[in-house]
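The values are calculated or read from the model by the stated rules, or taken from the named source; none is laboratory data. Just so we're clear, the structure is a prediction, and the values are computed from it rather than from any experiment. We place every Cβ from the backbone using ideal geometry, glycine too, and count neighbours over all the protein chains shown.
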Amino acid sequence: MLKTGQCEKLVKKDQQYLTEAARAPYYPLGVRTAKGSIVTDLDGNDFIDLLGSAAVMNVGHNHPRVVRAIKQQAEVLIQYTTAYMYHEPLGDFAEVITQLTPIAGDKKVIFGFSGSDATDGAIKLVRSYTRREKIIAFEGSYHGTTYGALTLTGIGDGMKKNIGPMLPGVHHFEYPNCYRCPYGDHPDTCSLPCLRAMEEALKTWLDPQTVAGVFLEPIEGDAGILKPPKKWMRRLEELLRPHGIVLVVDEVQTGLGRTGKWFGSDHFEVQPDLFIYGKSLGAGMPLSAVVGRREIFEGLRTLGHAFTNGSNPVVMAAAMENIAVIKEENLVERSRIQGEYFKKELLKLKNDFEFIGDVRGDGLSIGVDLVMDRETRTPNGTAAKKIAYRAWEKQLILTFFAGNVLRIQPPLNIERSLVDQALSIMEKTFREFSRDEIPDEVLKISKGW
């Protein structure tokens, strides 16, 4: 029986003071320490982490090289505002991240704290560069919760309730959902009917000469790991180029090796104009960035996207070491290999459990789509909630998004032995769910996202 006394106390204190708007609860896990792919709670229980702090800890929790870099920098300089002055960690990391970003020619970068503010910065950049107002985004997307980012977000309408009007000039169009294709097509043979509405709009009521940019996740994460066909992405790019519309890829969740390539957009052979970074960029420290073609940055005036505590030298030192670790420990390739193994084993489990409708993803970004039945593919949110909760009781951090898709995004350096242990726990949990051995009471706690 899992001991939870100290965690339960923390949850009560949390509920007393913290707004509900800041959390989607799954279970009472109060984190005390974390190392590698293991998280230890306030009661001393160790958990295998398949969430990776929401795809943040690509290099694992408290990587010793990152910790050392933070300590060394903190002893020298914790902060001086770069809104007016300069420091070496900022210049050094600006060079590293611009060189890493796969855009030809001269590039610039601007930093922030989270993927949300980076998205807002990118909105300002594309509008100031093109002198146009309109922006295209997609259904199912998640770009953050600052005002512009939330406007672009195409999932979870409850987040926008009672705070409108949202940012004007934003139009959402359909994003491919090949598992639940409303047209009954197969991605290998379809004629991209999911792109027709946007194509028609650009021919009729949405003048392309008024569109500043198109924002998208190359693989939608919080929609349940939705990957469009390669031909969809290429056709989208073809629609933009004749009109000078900026292509912006949100790599907050898919970047830095998460999908078995350096970037999610690498799967599609397209050339974005701007890259948005967040989550894993700072190895757990608060950092975001927008990197893109130099000329796109020239339209934004002095202090148009500046923060007093932005580009913090301690955070920059952590990020610098983070990128070095990903390269030197070959984590992009390790993500690909471990992800292939994880998917192969999950597909075996799919054969045993009818409520597993689909297993999809690339690298260590995998979704397990739970259904009422495989014929209708009706999402099974109850299964996701119960399975996630029971997995926690068995000391596995497993969550879900899109209401019914189990989320597997562990550190990229997770050991194979821990993957096997996680798979064993998942199999036992699936079996208990299939036998109706997980009580309905957990639904009062496991709400999720």
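Out of everything in region 91-115 that is more than 17 Å from residue 304 (Cα to Cα) and among the hydrophobic types (A, V, I, L, M, F, W, C), what residue ends up being modelled with the lowest pLDDT?
104
What's the number of the condition residue 238 fails, among (1) touching a strand residue (DSSP E or B) at 6+ places or on another chain (Cβ under 8 Å); (2) surrounded by fewer than 18 Cβ atoms within 10 Å (Cβ to Cβ); (3) among the acidic types (Asp, Glu)?
(1)
Residues checked against (1) touching a residue at least 60 places away in the same chain (Cβ under 8 Å); (2) in contact with a Phe, Trp or Tyr (Cβ under 8 Å, 6 or more places away or on another chain); (3) of a type in the set (Asp, Glu); (4) surrounded by 21 or more Cβ atoms within 10 Å (Cβ to Cβ):
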position: 251; (1), (2), (3), (4): no, yes, yes, yes
position: 277; (1), (2), (3), (4): yes, no, no, yes
position: 285; (1), (2), (3), (4): yes, no, no, no
position: 319; (1), (2), (3), (4): yes, yes, no, yes
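Has region 305-313 got at least one residue that is crowded, with 17+ Cβ neighbours inside 10 Å, among the hydroxyl-bearing types (Ser, Thr, Tyr), in the same structural domain as residue 85 (by TED's automatic domain parsing) and under 29 Å from residue 415 (Cα atoms)?
No, the conditions are met nowhere in region 305-313.
Anything in region 58-85 that is aromatic (Phe, Trp, Tyr) and without any contact (Cβ under 8 Å) to a residue 12 or more places away in the chain? List them, or say none.
The answer is 84, and nothing else.
Do you know which residues across region 121-149 are out of contact with any strand residue (DSSP E or B) (no Cβ under 7 Å at 6 or more places or on another chain), more than 26 Å from residue 227 (Cβ to Cβ) and crowded, with 23+ Cβ neighbours inside 10 Å?
None - no residue of region 121-149 is out of contact with any strand residue (DSSP E or B) (no Cβ under 7 Å at 6 or more places or on another chain), more than 26 Å from residue 227 (Cβ to Cβ) and crowded, with 23+ Cβ neighbours inside 10 Å, so the list stays empty.
State yes or no: is residue 431 touching a helix residue (DSSP H, G or I) at 6+ places or on another chain (Cβ under 7 Å) and either touching a residue at least 40 places away in the same chain (Cβ under 8 Å) or surrounded by fewer than 23 Cβ atoms within 10 Å (Cβ to Cβ) (or both)?
Taking the combined requirement at face value, the residue does not satisfy it.
Check 98, 40 and return the single one that is outside any loop (DSSP other than H, G, I, E, B), free of Cβ contacts under 8 Å to residues at least 60 places away in the same chain and touching a Lys or Arg at 6+ places or on another chain (Cβ under 8 Å).
Sole residue among the options that is outside any loop (DSSP other than H, G, I, E, B), free of Cβ contacts under 8 Å to residues at least 60 places away in the same chain and touching a Lys or Arg at 6+ places or on another chain (Cβ under 8 Å): 40.
Give the number of residues within region 182-200 that are assigned to a helix (DSSP H, G or I), among the charged types (D, E, K, R) and free of Cβ contacts under 8 Å to residues at least 12 places away in the same chain.
Result for region 182-200: 2.
Quick check on my filter: what residues within region 402-430 are aliphatic (A, V, I, L, M) and more than 16 Å from residue 340 (Cβ to Cβ)?
402, 405, 406, 418, 425, 426, listed by residue number.
Can residue 437 be described as more than 30 Å from residue 325 (Cα to Cα) and not in a loop (DSSP other than H, G, I, E, B)?
The answer is no for residue 437.
Looking only at residues that are assigned to a helix (DSSP H, G or I) and more than 18 Å from residue 248 (Cβ to Cβ) in region 137-180, which one is modelled with the lowest pLDDT?
Per the criteria, the residue is 157.
Considering only region 6-23, I want to know if a residue exists there that is in contact with a Cys (Cβ under 7 Å, 6 or more places away or on another chain) and either without any contact (Cβ under 8 Å) to a residue 60 or more places away in the chain or surrounded by 13 or more Cβ atoms within 10 Å (Cβ to Cβ) (or both).
No, every residue in region 6-23 fails to be in contact with a Cys (Cβ under 7 Å, 6 or more places away or on another chain) and either without any contact (Cβ under 8 Å) to a residue 60 or more places away in the chain or surrounded by 13 or more Cβ atoms within 10 Å (Cβ to Cβ) (or both).
Please count how many residues of region 112-136 are assigned to a helix (DSSP H, G or I) and under 19 Å from the mean Cα position of the chain (by Cα).
9
Identify the residue in region 283-327 that is over 17 Å from residue 87 (Cβ atoms) and polar (S, T, N, Q) and, among all such residues, is nearest to the chain's Cα centre (by Cα).
The qualifying residue nearest to the chain's Cα centre (by Cα) is 288.
(1) assigned to a loop (DSSP other than H, G, I, E, B); (2) farther than 30 Å from residue 405 by Cα: which one isn't true of residue 58, the others all being true?
(2)
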